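The values are calculated or read from the model by the stated rules, or taken from the named source; none is laboratory data. Remember, it's a predicted structure, so these values are computed and weren't measured experimentally. Note that each Cβ is placed from the backbone with ideal geometry, even for glycine, and that neighbours are counted across all protein chains shown. Please note that ligands, DNA and RNA were not included when accessible areas were found on the heavy atoms of the full protein model with its side chains. Shrake-Rupley method; radii C 1.70, N 1.55, O 1.52, S 1.80 Å.
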Amino acid sequence: MAANSDITPDFDAVVIGAGFAGLGMLRRLREELGMSIQVYEAGAGVGGTWYWNRYPGARCDSESYVYCFSFSKELLQDWNWSGKYPEQPEILSYLNHVADRFDLRRNIQFNTRVTSAKFLEDTNHWQIETDQGDRVTARFLITGIGCISAGNVPEITGLDSFEGDWYHTGSWPHEEVDFDGKRVAVIGTGSSGVQAIPVIAEQAKRLTVFQRTPQYTIPARHETVDRRFIEEEVKPNYDDIWEKARWSKSGFPVDASERSALEVTAEERLETYEAFWAKGGAGFTYGTFEDIRTDRRANDTASEFIRSKIREIVKDPETVERLLPTDHPFGSKRALIDTNYFETYNRENVELVDIRHSPIQEITPKGIRTEDEEFEFDIIVFATGFDAMTGSFFRMDIRGRNDLTLKEKWSEGPKTYLGLQVAGFPNMFMITGPGSPSVLSNMPVAIEQHIEWVSDFIEFLSERSIKTAEADLDAETVWVSHVNEIAEPTMFMLANSWYLGANIPGKPRVFMPYAGGIGTYREKCNEVADNGYEGFIFG
Ligand code: N01
């Protein structure tokens, strides 16, 4: 593909990251548009999230048959998942298989972190620098850096003095961590903590969980994959399955309930909740009642049902009280599914500490000191989440026109057009950027929609010899208000979650993903393209 500027850049595009997004983007641009691509990846291998998150119990909450790429029919037919929900090692082997099968590694430079990317106004190129001393130019800059990849280790006094080992779930060592006979602390009870806690509890001598916010979580009912279902219902029907997933709200090929929790009898409601609890998985959120996501009274019925289950499962009354989520509605934080999470608190070797009421004061050489007590540990596990959506961008010095940094541009929260581009940052595209459905949908579906849309746009620009495309500031402002408007009536606004940046001290409180659903969002992106990419300025 010929560059449009007088000076030829080193590459047509630089892609940052070799997870689902980076691998998919590389394949599409190289194979279908014939572009020259350089991918930089901080890890020593492909996989992104699934390269780094190797903590015990790590697996995905999306069912395996739709947690994959859809671009290759042969790949869909050939690959066989072993679990209903894919486990981290298996997702990682899948992505390695994709990298090999499509010969992607030759364009990926591993162990290389991009440190800066600067738009050069005289040539209309991006100049990218890495921690390995690379300095290259490209016409397009495409970020596939993940929404949840900048780990958050809270600043607690004394961590440096701790004499044991400590780990963050999001940058877990490649060697197995031996918990056998050890006194272990886990801080945090989000998706990562809820998955890791039951597994660590089985190995450790003693496990102490430090909980700030109690969680609603639904049993996953994880099992080996149902081969008959895959062979008879999935593989012959993949086209229809993907079509349904693509136009759905959440990126899954399922029918969402249209019933109201308030318009059925109490018996019917209970029966429905019981049925979905027994079935397990994300169905409880979208299959029970439509209004539990938007109506507080309807939501209360679901929240209370889950609290009743916690009371039923957990034996010690004081632990039950600590575990009951009462300060936020079900679904206002990321919905969780678990395997034996609440049951774990019935184990003799597991203790729950409520740090909302007795905050952590410091980490000592021997362990953790809260307001009320001192504990000794051999290992501390931080399951304390991520500086989500924006943190991975801010680790790099990204500068657009007039030397404006992305950090300055987003100082009041991320501002994007469609979650794909930022005004003032021409030819930079974000795969699953803030303002797009991303984390509120099945990620591979969201990622593939962006990959296809961006590559179609790049083709459009190239065919017309357009040098730059950049979001119009007004279009961006309208999109940001739309993202806020859509989130406003939902439960999402009623919790201190990472969706709102509330987990990071000082971060602006702005709802970051697009809550209108992947299908609606796809329609909007298609409309923009059909109208000659309205909302973009061409140079
Ligand atoms: O992180 P989180 P995560 N002191 O932010 C607590 C995806 N994911 O890594 O709720 C003490 O959800 C914090 O408390 P609070 C998924 O999208 C998916 O678990 O803020 N505690 C919370 O309990 C998920 O949502 C999968 O009050 C502190 C926990 O740490 C996202 O990644 C698996 C603290 C952090 O929970 C992030 O999940 C894993 C502090 N200073 C992850 N700071 C699957 O698909 C935070 N906490 C299965």
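Per-structure values
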item	result
Only one of Val186, Val177 that is open to solvent by less than 20 Å² (accessible area, probe 1.4 Å), modelled with pLDDT of 95 or more, under 24 Å from Pro365 (Cβ atoms) and part of a strand (DSSP E or B)	Val186
Meets criteria (assigned to a loop (DSSP other than H, G, I, E, B), hydroxyl-bearing (Ser, Thr, Tyr), surrounded by fewer than 24 Cβ atoms within 10 Å (Cβ to Cβ) and touching a residue at least 12 places away in the same chain (Cβ under 8 Å)) for Thr432	no
Tabulated pairs, segment 398-417, first at negative phi, second at pLDDT 95 or above and assigned to a helix (DSSP H, G or I), C-beta under 6 angstrom, 6+ apart or interchain	Ile398/Leu406; Leu406/Phe393; Lys407/Phe394; Lys415/Glu476; Lys415/Val480; Tyr417/Ala475; Tyr417/Glu476; Tyr417/Trp479
Search result, residues across segment 85-133 that are assigned to a loop (DSSP other than H, G, I, E, B), touching a residue at least 40 places away in the same chain (Cβ under 8 Å) and open to solvent by less than 40 Å² (accessible area, probe 1.4 Å)	Tyr85, Leu104, Thr112, Thr123, Asn124
Per-region count, segment 271-301, residues part of a loop (DSSP other than H, G, I, E, B) and out of contact with any strand residue (DSSP E or B) (no Cβ under 9 Å at 6 or more places or on another chain)	4
Lone qualifier among Gly517, Gly532 - being crowded, with 18+ Cβ neighbours inside 10 Å and more than 16 Å from the ligand (Cβ to nearest atom)	Gly517
Within segment 397-422, considering residues that are part of a loop (DSSP other than H, G, I, E, B) and either open to solvent by 10 Å² or more (accessible area, probe 1.4 Å) or of a type in the set (Phe, Trp, Tyr) (or both), the one nearest to Thr477 (Cα to Cα)	Lys415
Count - residues of segment 302-344 that are assigned to a loop (DSSP other than H, G, I, E, B), within 23 Å of Ser192 (Cβ to Cβ) and either open to solvent by less than 20 Å² (accessible area, probe 1.4 Å) or free of Cβ contacts under 8 Å to residues at least 40 places away in the same chain (or both)	7
Positions within segment 454-482 being open to solvent by less than 10 Å² (accessible area, probe 1.4 Å) and either within 21 Å of the chain's Cα centre (by Cα) or among the polar types (S, T, N, Q) (or both), in sequence order	Val454, Ser455, Thr468
Residues within segment 483-539 that are more than 25 Å from Ser191 (Cβ to Cβ) and among the aliphatic types (A, V, I, L, M), tallied	3
Unique match (being over 27 Å from Ile200 (Cα atoms), away from the ligand (no atom under 14 Å from the Cβ) and at pLDDT below 95) among Arg297, Arg293	Arg293
Residue identified as open to solvent by less than 20 Å² (accessible area, probe 1.4 Å) and in contact with a helix residue (DSSP H, G or I) (Cβ under 6 Å, 6 or more places away or on another chain) among Ile368, Ile363	Ile363
Hey, Gln211 open to solvent by less than 10 Å² (accessible area, probe 1.4 Å) and either within 17 Å of Ala383 (Cα to Cα) or more than 9 Å from the ligand (Cβ to nearest atom) (or both) or not	yes
Looking only at segment 55-65, and only at residues there that are within 13 Å of the ligand (Cβ to nearest atom) and farther than 21 Å from Thr169 by Cα, the one that is surrounded by the most Cβ atoms within 10 Å (Cβ to Cβ)	Ser64
